[in-house]
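The values are calculated or read from the model by the stated rules, or taken from the named source; none is laboratory data. No experiment lies behind these values; they were computed from the predicted model shown. Neighbour counts are summed over all protein chains in view; Cβ atoms, including those assigned to glycine, are modelled from backbone coordinates with ideal geometry. Surface areas here come from the heavy atoms of the whole protein model, side chains and all, with no ligands, DNA or RNA. Shrake-Rupley method; radii C 1.70, N 1.55, O 1.52, S 1.80 Å.
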Amino acid sequence: MQFSESWLRTFANPAKISTDVLSHTLTMAGLEVEEVGPVAPPFNKIVVASVLATERHPNADRLNVCQVDAGTGETLQIVCGAPNVKPGIKVPCALVGAVLPPAEADGKPFEIKVGKLRGVDSYGMLCSARELKLSEDHGGLMILPEDAPVGQDIRQYLDLDDQVFTIKLTPNKADCLSIHGVAREVSALTGAELVLLDMTPVAVTLQDKLPVRISAPDLCGRFSGRIIR
C-alpha cells in the first residue's frame, strides 16, 4: 500500500506528530512501514509556463523554436524537440540556472544554461515528467492543467515537497488497502479527528441476483454482494 503523507493527513492529521514518529507509530501498531521517501527528487527553478507560439527550427526538422511565458516578465525563447509542443499548452519550464535530477542513477545533476541549438539561442528547457523524475513517461512534455498559474514553482503547484509511505500489510489488515482504512488506524492510534468524505449511497434499481453457496459457514459468517450494470 502506497500513499502520500499529505493525502493521509487530509483524513487524519495528528498535527504534533512528525513524519518519523508517524511512521514508527504505524509500524508498532502492526502496519509495517517498509519505506518513506520523497515524492520527487531535489530540483529548483522550475516553474509553470505557457507556450505562446512555436515555429520550425530553421536548421533542424525535429526542433521547434518556442516563445514562452514563464512569469519572468519577458518572453523566453526556448528550443524544444518534444513532439507534443504547441501554442496554448502549459508545461514545466526549467529556467536558466535550474538544476535537474541526474538522468542516470549514478549521474550528476544537470544545470540549465543559456544554450545554442543548431545556431538558435535557447533560454531554458521545457520538461517531460521523466526529466523531473516524476514518472517514466518521456513521450513528450508534461502537460499541466489549463488553470495552472504561470510562474508558480512546480514543486509548490504539484505539492512535491511531500513523502510517500510504503506499508507492508499482513493478510488480516485488508481494511488498510484504502487510504480511509489507514486514516482510521491513525485516528485510533493518535486521537486525531477522523475526516471522511460525504458519500451518498446509490439507490438500488436492479433486482438481479447471483447464486452464492457458502461451503464453510463456520469460516464465513456473512457474505454480501451487489450487481452493477
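Any residue in region 159-174 that is under 16 Å from residue 36 (Cβ atoms) and of a type in the set (S, T, N, Q) sitting within a Cβ distance under 6 Å of a residue that is assigned to a strand (DSSP E or B) and open to solvent by 20 Å² or more (accessible area, probe 1.4 Å)? List the pairs, counting only those 6 or more apart or interchain.
Pairs that qualify, where the first residue is under 16 Å from residue 36 (Cβ atoms) and of a type in the set (S, T, N, Q) and the partner is assigned to a strand (DSSP E or B) and open to solvent by 20 Å² or more (accessible area, probe 1.4 Å), are 163/36; 166/2; 166/34; 166/35.
It is to be established whether one or more residues within region 20-43 are in a loop (DSSP other than H, G, I, E, B), open to solvent by 70 Å² or more (accessible area, probe 1.4 Å) and farther than 23 Å from residue 151 by Cα.
Scanning region 20-43, I find no residue that is in a loop (DSSP other than H, G, I, E, B), open to solvent by 70 Å² or more (accessible area, probe 1.4 Å) and farther than 23 Å from residue 151 by Cα, so the answer is no.
In this structure, does residue 54 turn out to be without any contact (Cβ under 8 Å) to a residue 40 or more places away in the chain, assigned to a strand (DSSP E or B) and surrounded by 13 or more Cβ atoms within 10 Å (Cβ to Cβ)?
Yes; evaluated as a whole, the condition is true for this residue.
Collect the residues in region 1-19 that are of a type in the set (Phe, Trp, Tyr) and assigned to a loop (DSSP other than H, G, I, E, B), keeping them in residue-number order.
Answer for region 1-19, where residues must be of a type in the set (Phe, Trp, Tyr) and assigned to a loop (DSSP other than H, G, I, E, B): just 11.
So how many residues does region 154-193 have that are open to solvent by less than 30 Å² (accessible area, probe 1.4 Å) and either at positive phi or in a loop (DSSP other than H, G, I, E, B) (or both)?
3
Need pairs with beta-carbon distance below 7 Å; first residue free of Cβ contacts under 8 Å to residues at least 24 places away in the same chain and within region 128-145, second hydroxyl-bearing (Ser, Thr, Tyr); sequence gap 6+ or separate chains.
129/135; 137/128; 138/128
What number of residues in region 124-153 are more than 23 Å from residue 41 (Cα to Cα) and out of contact with any Lys or Arg (no Cβ under 7 Å at 6 or more places or on another chain)?
1
Just to be sure I understand, how many residues within region 61-120 are open to solvent by 40 Å² or more (accessible area, probe 1.4 Å) and farther than 20 Å from residue 136 by Cα?
21
Test residue 119 against the stated conditions and say whether it is at positive phi and touching a residue at least 24 places away in the same chain (Cβ under 8 Å).
Spelling it out, residue 119 is indeed at positive phi and touching a residue at least 24 places away in the same chain (Cβ under 8 Å).
I'm checking my understanding of the structure. Among residues of region 121-138 that are in a loop (DSSP other than H, G, I, E, B) and of a type in the set (D, E, K, R), which one is surrounded by the most Cβ atoms within 10 Å (Cβ to Cβ)?
131
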